[in-house]
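Undergrad: Let me give you the structure first, and then I'll get to my questions.
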Amino acid sequence: MLPTLTPTEIDRYRRQMMLPGLGETGQRQLKGTTALVTGVGGLGGTAALYLAVAGVGKLILVRGGDLQRDDLNRQVLMTDDWVGKPRVFKARETLAQLNPDIAIAAVCEYVTADNIDDLVQQADIALDCAFDFKERDLLNAACVRWGKPMVEAAMNSMDAYLTTIVPGQTPCLTCLFPEKPEWNRWGFGVLGAVSGTLACLAALEAIKLITGLGDPLLGQLLTMDLARAEFAKRRTYHDPDCAVCGQSAQSSVSARLPDTAPVSL
């Protein structure tokens, strides 16, 4: 059963509930959703901001490390006086001030093989905004194992890509990138408006998937060259022999999962 909206929430979300295809039912679906956001930086933090103000009922924010001053050109949840402190706690504080009607859990850890299954099982949907493929692959595999949809967003300089992955329906991240590129988190420039642009689209993908509003990027990869304002959609290939979501991999997963394993939205 979907949660009811309080008078304050009805007032807060009144303008977005006017959207055809969302309405009060969609708003209640948002309230009943727990979203996991990994990599709460310029991309993940901004995506979390728009999920918070849209009324997603609970956010689980996962990011290790302390805030550095050169993060401030893009990490809009941060303030200069927080430099040197764990950024995920500041993210929780800022979001709680923006919307006190939602629940926010802050996990000051990086994604690891030891914590990812527990994190994914607590959520209904995940947003992959991590800074390297090690964390991304761990989240992708866990979402496939537990049948949870994942919004995949990444950027490099002025380029970005976005897709939505639903286990059993779409290719997974390993289908898209079977060979992982070398990645240096300090090796490329970052403009805050680029990460912010992608973050808004990632949050919108999650909202669409939760509420049924519009058409999410299922089986499609949206690529963006923001230096030229060029956007393209490409169909993604579902590898039947994928080590993560292929037939043999899924047979192995099914044999290990309990009968009560969660399903996707």
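For every residue, the table says whether it meets (1) outside any loop (DSSP other than H, G, I, E, B); (2) out of contact with any Asp or Glu (no Cβ under 8 Å at 6 or more places or on another chain); (3) more than 25 Å from ILE165 (Cβ to Cβ); (4) open to solvent by 20 Å² or more (accessible area, probe 1.4 Å).
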| site | (1), (2), (3), (4) |
| --- | --- |
| GLY42 | no, no, no, no |
| LEU49 | yes, yes, no, yes |
| GLY64 | no, no, no, no |
| PHE89 | yes, yes, yes, yes |
| GLU93 | yes, yes, yes, yes |
| GLN97 | yes, yes, yes, yes |
| ALA113 | no, yes, no, yes |
| VAL120 | yes, yes, no, no |
| PHE131 | no, yes, no, yes |
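Undergrad: Looking only at residues in segment 133-159 that are under 11 Å from the mean Cα position of the chain (by Cα) and small (Gly, Ala, Ser), which one is surrounded by the fewest Cβ atoms within 10 Å (Cβ to Cβ)?
TA: ALA154
Undergrad: Also, I was wondering about something else. With the checklist (1) out of contact with any Leu (no Cβ under 9 Å at 6 or more places or on another chain); (2) of a type outside the set (Lys, Arg); (3) more than 23 Å from SER195 (Cα to Cα) in hand, flag the one item ASP71 doesn't pass.
TA: (3)
Undergrad: Does any residue of segment 244-254 turn out to be exposed (fewer than 11 other Cβ atoms within 10 Å of the Cβ), assigned to a loop (DSSP other than H, G, I, E, B) and either out of contact with any His (no Cβ under 8 Å at 6 or more places or on another chain) or modelled with pLDDT of 95 or more (or both)?
TA: no
Undergrad: When the residues of segment 160-174 are narrowed to those that are β-branched (Val, Ile, Thr) and touching a residue at least 60 places away in the same chain (Cβ under 8 Å), which ends up most open to solvent (accessible area, probe 1.4 Å)?
TA: Ranking the candidates gives THR174 first.
Undergrad: Return yes or no: is ARG185 among the basic types (Lys, Arg), at pLDDT 95 or above and either open to solvent by 10 Å² or more (accessible area, probe 1.4 Å) or assigned to a strand (DSSP E or B) (or both)?
TA: no
Undergrad: How many of the residues in segment 13-40 are assigned to a helix (DSSP H, G or I) and either out of contact with any Asp or Glu (no Cβ under 8 Å at 6 or more places or on another chain) or among the small types (Gly, Ala, Ser) (or both)?
TA: Here the count works out to 10.
Undergrad: So, one more: LYS208 passes all but one of (1) open to solvent by less than 10 Å² (accessible area, probe 1.4 Å); (2) under 24 Å from HIS238 (Cα atoms); (3) assigned to a helix (DSSP H, G or I); which number fails?
TA: LYS208 satisfies all of (1) open to solvent by less than 10 Å² (accessible area, probe 1.4 Å); (2) under 24 Å from HIS238 (Cα atoms); (3) assigned to a helix (DSSP H, G or I) except (1).
Undergrad: Which ones in segment 219-238 are within 19 Å of VAL151 (Cα to Cα) and free of Cβ contacts under 8 Å to residues at least 60 places away in the same chain?
TA: Listed by number, the residues that qualify are GLY219, GLN220, PHE231, ALA232, LYS233, ARG234, ARG235.
Undergrad: In segment 211-230, what count of residues is obtained for those that are in a strand (DSSP E or B) and farther than 24 Å from ALA126 by Cα?
TA: Here the count works out to 2.
Undergrad: Oh, and also: Residues of segment 22-40 being small (Gly, Ala, Ser), open to solvent by 10 Å² or more (accessible area, probe 1.4 Å) and farther than 30 Å from TYR110 by Cα, which ones?
TA: Residue satisfying the conditions is GLY23 alone.
Undergrad: Of everything in segment 137-153, what is outside any loop (DSSP other than H, G, I, E, B) and touching a residue at least 40 places away in the same chain (Cβ under 8 Å)? Give them in sequence order.
TA: Result: ASP137, LEU139, ASN140, ALA141, VAL144, ARG145, TRP146, VAL151, ALA153.
Undergrad: Another question about this same structure. Which numbered condition trips up LEU191, out of (1) in contact with a helix residue (DSSP H, G or I) (Cβ under 9 Å, 6 or more places away or on another chain); (2) surrounded by fewer than 21 Cβ atoms within 10 Å (Cβ to Cβ)?
TA: (1)
The values are calculated or read from the model by the stated rules, or taken from the named source; none is laboratory data. Given the structure is predicted, the values throughout are model-derived calculations rather than measurements. So basically every Cβ, Gly included, is an ideal-geometry build from the backbone, and we count neighbours across all protein chains shown. These area figures cover heavy atoms from the full protein model, side chains too; ligands, DNA and RNA do not enter into them. Shrake-Rupley method; radii C 1.70, N 1.55, O 1.52, S 1.80 Å.
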